[in-house]
Amino acid sequence: MLSLVFGSTVEAISAVVTAFMSGLAIGSYFMGKWADGRKDTLLIYSLTELAIGVVSLSFYFIIISLPDIYYTLNLNIENAPFLFYYNGRYVRYALQFLLVAAPTLMIGATFPLMVKTYISSRNYIGEGSSIIYAINTFGAVIGAFLGGFFLMPAFGIRMTLFIAVLINIALALTIYMIKRFRLSAPSDTPYGDNAIRLKEFLYSTEHSKIPPLIGWSVLAVLALSGFAAMAYQIAWTRLLSMVIGNSVYAFSAILTTFLAGIAMGSLLFVRQIDRVKDKLLLLGIVQGVLFLTVILCLPLMDSLPALFIALFRGLSGTFLGLALIDFIIVSSAIFIPTLLMGVTFPIAIRIYTNKTDLIGEEAGMLYSVNTIGCIFGAFLTGFYFIPSIGVQKTIIAISGLNLVAAIIFILQSETLRYRMKAIAASASVAFYFLSLLMMPQWNVGLLNLGVYFNADFFQMAEGHMIGMKRFYDESKLISYEEGSGGTVGVTEAHNHLSLQINGKTDGGTSTVDIPPQILVSAFPLIIHPDPKLVEIIGLGSGISTGTATMFPVSKIACIELLPEVVKANRFFSRFNHDALKDERVNLIIDDARHHLTYHEQKYDVIISEPSNPWITGVSNLFTLEFFEIVKSRLKEGGIMSQWIQLNSLDTKELKVLLNTFKTVFPHVTVWASSPQDLVVLGSKSRLELDPSRAGSTFQISGVREELQKVGINNPEDLFGRYMMGDKELERFCRGAGLNTDNRPVIEFEAPKSLYTNTS
């Protein structure tokens, strides 16, 4: 929801994550301190759940009116003369922080309340905290899975939020009833009498607190653990998105598996935590094994494309099979490390907490410190580590934090002798630096094959693996960059160049790729009587922008999300007329939807050529609301040109897209730019197809030569690409639904046709 208002840039997403985590940290810390002095924690918990529901419901109604609020604030602050160093992004970040942190503040407060309520009536801190942490995380697993795979596709985003709010309210009422009518009967006897006496001795409130050095060590290691966990998640998501794709289902599979591993890990030693004598050594071993698991599995990660292809042979018949492939790929990469991450927190809370009357404060402190580590892990990994050293080296560097944590606790172990500690620490450090020297580099050419998109192509070849190997052998990766927003590669094969974003080709110079890139610009610029101001959404290979420069336009604004795409354009300069050096071209690095929403400039022609509409983030550029934004930015008689890729788009979804487009634009024409692509033109005014004007356009040498590249030599060839007008489109779309921000049908349905020949 926030990406619709603030955009899908890395900065915007990072601001949301930071606000989310900050709310959790602040809420858990202050509620933990406050709860220990009170006896009515069950009632407080009930009120907190109610507040989460109410605030989240308010959040929805605020966010749907947020564009107007944000625009007004942005305009007023920009005009304030005393803000000499004002940057519009600060308003965006401040609003994001306030909106997201409000409900998450209370979500964070629930953890120490749960721990306090549950464990204060049972004398088993280690096991109790493990159970609370595991059950809470399993709830997150179910939320991530059902939200991504079922609730949003079936009910839409608004109703999914309302369902979550109802759960909060129902939970609050249930807990209040338990409290009001004393339905709970907490028992202090989870074990036999002997166990109780032992635990009463171990966890007596008279028992002294842990030494300060150990306490600070636990806090430091939990901060490092949170940092590493979030950094791993971001790095693994970047890696896995090149193998299983960028659909909403791929991201849901990654998040669900990540959380499931943590939840199961927290139950791994649930009965042993309280019984292990040297818990410092146990935590050190867990962190050490986590480090070893990451380092030893890392060289195998570039084999994931081959595993995908092997699984594709037997499981690709249904959407369920494809979802299963995603889960198998993700689990093979991250499940064991996340399992070990889940063990860390319950052991840490058992080491840090000896007094049950302070358990709320101490649990809140640990949760808060762990979450603060997550904040820095998310920020530094996305902005600095991956763009600077790449995904593989980022994971290696982050694993070093686990090694540091392991050494800290092994050195403080009470059972290991000094010599054993020295040997273990020295051997671990030596192994780490040896790994740095000997670690083989990933074959990024294999990862960049886009197996998730080209698997059906490989299947047509003689055997999956042979097809993939042949495809790899016949192509040469001439450029590859890992940026904060995605990976961008340029590949040369059979004397043609192609641009890949996260492994998927999104532009190129082959005979299949060239026509739609040229015609998405040419069609509207020929049909518009006098185009002067042009905006292009998506730079890609720059060919569409290059085509626009052939026309006598005054200004071309080109919006691109990824700076790495701009860098890659140097390889396409001889195909796109070196468009970025044209003085009429103004390159804007921003999210297109955000830019169009908050900038009032109007254009004669707006050309939209993003990637496929099922890709998360890109899908925001194919909704009813986005088309409305574009219409508001067109001058009188202005034209929007929309590129629609027919591959992996079923007839039903195509009708939904076209119906959405024609609902916004009163006058629409549909054109064939290639056997696999459409160009759809929309306008508030009737689109006049004037052969004489088209003929005069053909007299411009640059335009004529550009169109001849795609087999259009005269106006007759051009109008031969015409497919439908208003009446034909009305018949074709009869009964079709709409693709909206609330019900993004295409984002959820189109991935199911990913390997179907729909063109």
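Laid out as a table, the results:
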quantity: Subset of segment 326-365 (residues that are of a type in the set (Lys, Arg) and surrounded by fewer than 24 Cβ atoms within 10 Å (Cβ to Cβ)); calculated: 355
quantity: Residue match in segment 303-318 (condition: in contact with a Lys or Arg (Cβ under 7 Å, 6 or more places away or on another chain), open to solvent by less than 20 Å² (accessible area, probe 1.4 Å) and among the aliphatic types (A, V, I, L, M)); calculated: no
quantity: Any hit, segment 669-679, residues being without any contact (Cβ under 8 Å) to a residue 40 or more places away in the chain and surrounded by 19 or more Cβ atoms within 10 Å (Cβ to Cβ); calculated: no
quantity: Test: residue in segment 527-543 that is assigned to a helix (DSSP H, G or I) and either touching a Gly at 6+ places or on another chain (Cβ under 8 Å) or farther than 23 Å from residue 637 by Cβ (or both); calculated: yes
quantity: Criterion: of a type outside the set (Asp, Glu) and open to solvent by less than 10 Å² (accessible area, probe 1.4 Å) - qualifying residue of 143, 128, 139; calculated: 128
quantity: Flag if residue 107 is touching a Leu at 6+ places or on another chain (Cβ under 9 Å), open to solvent by 30 Å² or more (accessible area, probe 1.4 Å), modelled with pLDDT of 65 or more and within 18 Å of residue 18 (Cβ to Cβ); calculated: yes
quantity: Which numbered condition residue 750 misses (of (1) open to solvent by less than 50 Å² (accessible area, probe 1.4 Å); (2) closer than 29 Å to residue 5 by Cβ; (3) assigned to a loop (DSSP other than H, G, I, E, B)); calculated: (3)
quantity: Boolean, residue 574 is over 32 Å from the mean Cα position of the chain (by Cα) and at pLDDT below 95; calculated: yes
quantity: Candidate set: segment 469-489, residues that are under 18 Å from residue 304 (Cα atoms) and among the basic types (Lys, Arg); chosen: the one farthest from the chain's Cα centre (by Cα); calculated: 470
quantity: Qualifying positions in segment 410-450 - polar (S, T, N, Q), more than 19 Å from residue 292 (Cβ to Cβ) and open to solvent by less than 90 Å² (accessible area, probe 1.4 Å); calculated: 412, 415, 443, 448
quantity: Verdict on residue 60 being in a helix (DSSP H, G or I) and modelled with pLDDT under 70; calculated: no
quantity: Answer from 641, 648 - the residue that is within 19 Å of residue 532 (Cα to Cα), open to solvent by less than 20 Å² (accessible area, probe 1.4 Å) and either of a type in the set (Gly, Ala, Ser) or at pLDDT 90 or above (or both); calculated: 641
quantity: Residue ID - modelled with the lowest pLDDT, chosen from residues in segment 459-479 that are among the aliphatic types (A, V, I, L, M) and under 21 Å from residue 754 (Cα atoms); calculated: 461
quantity: Some residue of segment 692-704 being more than 40 Å from the chain's Cα centre (by Cα), open to solvent by 10 Å² or more (accessible area, probe 1.4 Å), farther than 29 Å from residue 508 by Cβ and in contact (Cβ under 8 Å) with a residue 24 or more places away in the chain; calculated: yes
quantity: Unmet criterion (only one of (1) out of contact with any His (no Cβ under 9 Å at 6 or more places or on another chain); (2) of a type in the set (Phe, Trp, Tyr); (3) within 30 Å of residue 650 (Cβ to Cβ)) for residue 312; calculated: (1)
quantity: Given (1) assigned to a helix (DSSP H, G or I); (2) open to solvent by less than 60 Å² (accessible area, probe 1.4 Å), index of the condition residue 728 fails; calculated: (2)
quantity: Residues being under 23 Å from residue 523 (Cα atoms) and either without any contact (Cβ under 8 Å) to a residue 12 or more places away in the chain or of a type in the set (S, T, N, Q) (or both) - total across segment 588-617; calculated: 4
quantity: Residue in segment 688-700 that is at pLDDT 95 or above and β-branched (Val, Ile, Thr) present; calculated: no
quantity: Qualifying positions in segment 654-668 - within 32 Å of the chain's Cα centre (by Cα), open to solvent by less than 20 Å² (accessible area, probe 1.4 Å) and either at pLDDT below 95 or under 23 Å from residue 544 (Cβ atoms) (or both); calculated: 657, 658, 660, 661, 664, 665
quantity: Considering residues of segment 586-609 that are assigned to a loop (DSSP other than H, G, I, E, B) and acidic (Asp, Glu) only, the residue most open to solvent (accessible area, probe 1.4 Å); calculated: 600
quantity: Residues of segment 293-323 satisfying the condition of being part of a helix (DSSP H, G or I) and either of a type in the set (Ser, Thr, Tyr) or free of Cβ contacts under 8 Å to residues at least 12 places away in the same chain (or both); calculated: 293, 296, 300, 303, 314, 315, 320, 321
quantity: In segment 363-410, the residues that are over 18 Å from residue 29 (Cβ atoms), among the hydroxyl-bearing types (Ser, Thr, Tyr) and out of contact with any Phe, Trp or Tyr (no Cβ under 8 Å at 6 or more places or on another chain); calculated: 381, 384, 388
quantity: Test: residue in segment 264-271 that is assigned to a helix (DSSP H, G or I), open to solvent by 10 Å² or more (accessible area, probe 1.4 Å), within 25 Å of residue 398 (Cα to Cα) and modelled with pLDDT of 90 or more; calculated: yes
quantity: Meets criteria (in a helix (DSSP H, G or I), open to solvent by 30 Å² or more (accessible area, probe 1.4 Å), modelled with pLDDT of 95 or more and under 30 Å from residue 654 (Cα atoms)) for residue 635; calculated: no
quantity: Pair list, Cβ < 7 Å and 6+ apart or interchain, from segment 126-147 residues that are under 15 Å from residue 252 (Cα atoms) and part of a helix (DSSP H, G or I) to residues that are open to solvent by 40 Å² or more (accessible area, probe 1.4 Å) and modelled with pLDDT of 85 or more; calculated: 144/255
quantity: Any hit, segment 713-720, residues being in contact with a Ser or Thr (Cβ under 9 Å, 6 or more places away or on another chain) and open to solvent by 60 Å² or more (accessible area, probe 1.4 Å); calculated: no
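The values are calculated or read from the model by the stated rules, or taken from the named source; none is laboratory data. Here the structure is a predicted model, which is why all the values come from computation and not from measurement. Heads up, the Cβs are rebuilt from the backbone with ideal geometry, glycines too, and the neighbour counts pull from every protein chain shown. Surface accessibility is based on the protein's heavy atoms, side chains included, excluding ligands, DNA and RNA. Shrake-Rupley method; radii C 1.70, N 1.55, O 1.52, S 1.80 Å.
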